[in-house]
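What follows is calculated from the coordinates using simple rules that are stated; it is not laboratory data. This structure is a prediction, so every number in the text was calculated from the model and none was measured. Cβ coordinates were reconstructed from backbone atoms using ideal geometry, including for glycine residues, and neighbour counts include every protein chain displayed.
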Amino acid sequence: MKRMLLLSLVSFLSLQTAGWAKPAPEGLQKEALKTFQDYLRLDTSNPPGQELKTARFLKQILDHEGIENQIFDLGNHRANLYAILRGDGSKPPIAFLHHMDVVPADPQFWSVPPFSGQIEKGFVYGRGAIDIKGKGMVDLFTLIRLKREKQPLKRDLIFLAVADEEVNSLGARRLIHDHPELLKKIEFLIDEGKTVTEDAQGKALYAMVGMGEKSPLWLKLTFQGTPGHASVPMADNAVNRALQAAGRIMHFAEQLPFQVLPGLEDSLRLQFGGDVTRLPGYQKDMATSLKNPLFLKGLAQVPELNAMLRNTISITGMKGSDKTNIIPNQASLTLDCRLLPGQNKEVFLKQLNEAIGDPSVKIEVEEYYQSLFSPPDSGYMRSLKRVLHRYSPGLPVIPTIFTSSTDSSLFRALGINVYGFEAYRVDEATSQRAHGNDERLGVAGFFWGLDLLHELVLDLNQN
Ligand SMILES: [Zn+2]
């Protein structure tokens, strides 16, 4: 009895950590790691980005492998790169996107030089390691491996490396504008987003995938009033109008309704970080509870979750007179609003205008783009689950949304299903270092990712 129990425990454990069917050859792993280090050594801090040098770096590797590719020079030492490994065209293409620029790094806060690509205790360190040059390397070496293996492909595999994601998305915008023909028919585009989270022993705990992002809607509100010398207060003071409006806007924001996008139940529970069953209004299970406004209110006490559950408004700026003793002609507020995917901007603006209730207000849209939500039950998601479950049976694969935006939204707007998933394993502490100090990626998790993506592409080739 005891022995049987032990045996079943052993087989259970071995199921949990099944290896890949065909692990990458050691030589390929070494090559990928060395190339990753070299890639991190090319400083593409944005501004100024200067991604032409990384585009040339990638081109040289692709040329050597005989993979068709092209650099698009954007001027000012900036560039995009496009590469394609052709299939027989019987299935639509899949694209892998990453940005070559990184956010700046201040060496005085790092324990290794940020552009050294140094390896310490099983981690590759460098600005861009997990945002997002590491993903770029997994994408690149998956193409290289498939090419070397002479795998018969049904789908074209497209590799996209763009400039300027961290500042203005110049690269993605120019690619979409200048070369729409290259993006035609893409069924799935895989961009930066979430990963497989592992524990301290390297065991996969769950995978998370970004389905959508909120739409940024940046507004400038201008209020008119009667100007004059401040020694004689005016009832019709433009600054007073702006202040009153600010109060009404805050009230309006508090009343904005909750909306739970389909498939986000697990993501909300996981990101809550505590025991959701203790929140007031919890009933039966997460899906039922999310229909209860009382429960939603409790969840929304966590600012990150609040932002996933409703449209939001942050008042970020206010301007009145430059002089203390002058009542100005006009005063203004700036608002950073973020709308859930699928929301109607015009309806939101109309409601906001009504809430402000000031006939003098002029609302200008400074930045907006529609953000969509890719389906959580697509062929890509099914393949990802299938492949991850082969490695780790029952591993939760959890859809989520992002409250800020990346290049993904620009491609979703073209009607492409975009998923935010980086094929590697990352521990919690490491994942928090994106844009922070000592950014890094674990070597074991990186190698694991090479196999995950290889197997995923082969699965998508069949299904
Ligand atoms: Zn990024």
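Structure values in brief
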| read-out | value |
| --- | --- |
| Inter-part distance where the range 350-374 and the range 129-190 are each reduced to a Cα centre, Å | 34 Å |
| Tilt relative to the chain, helix 443-462 - C-alpha long axis, 0 to 90 degrees, to 10 | 90 degrees |
| Cα pair count fraction exceeding 20 Å, expressed as % - the range 86-154 | 47 percent |
| Residues 414, 221, sorted so that the one with the fewest Cβ neighbours within 10 Å comes first | 414, 221 |
| Cα-centred dipole magnitude for the range 215-368, charges only on beta-carbon of K, R (+1) and D, E (-1), debye, nearest 20 | 200 debye |
| CD proxy at 222 nm, helix term only [per DSSP H run n ≥ 4: -39500 (n - 2.57); per residue of the chain; nearest 500] | -11000 deg cm²/dmol |
| Relative contact order (percent, whole number), the chain, Cα cutoff 8 Å, 6+ residue spacing | 23 percent |
| Rounded tilt (10° steps) of 26-41 against the dominant C-alpha axis of the chain | 30 degrees |
| Expected-Rg normalisation [2.2 N^0.38 Å, Cα atoms] applied to the chain | 1.10 |
| Residue order, fewest to most surrounding Cβ atoms within 10 angstrom, among 100, 137 | 137, 100 |
| Rg(Cα) / (2.2 N^0.38 Å) computed for the range 215-368, rounded to two decimals | 1.30 |
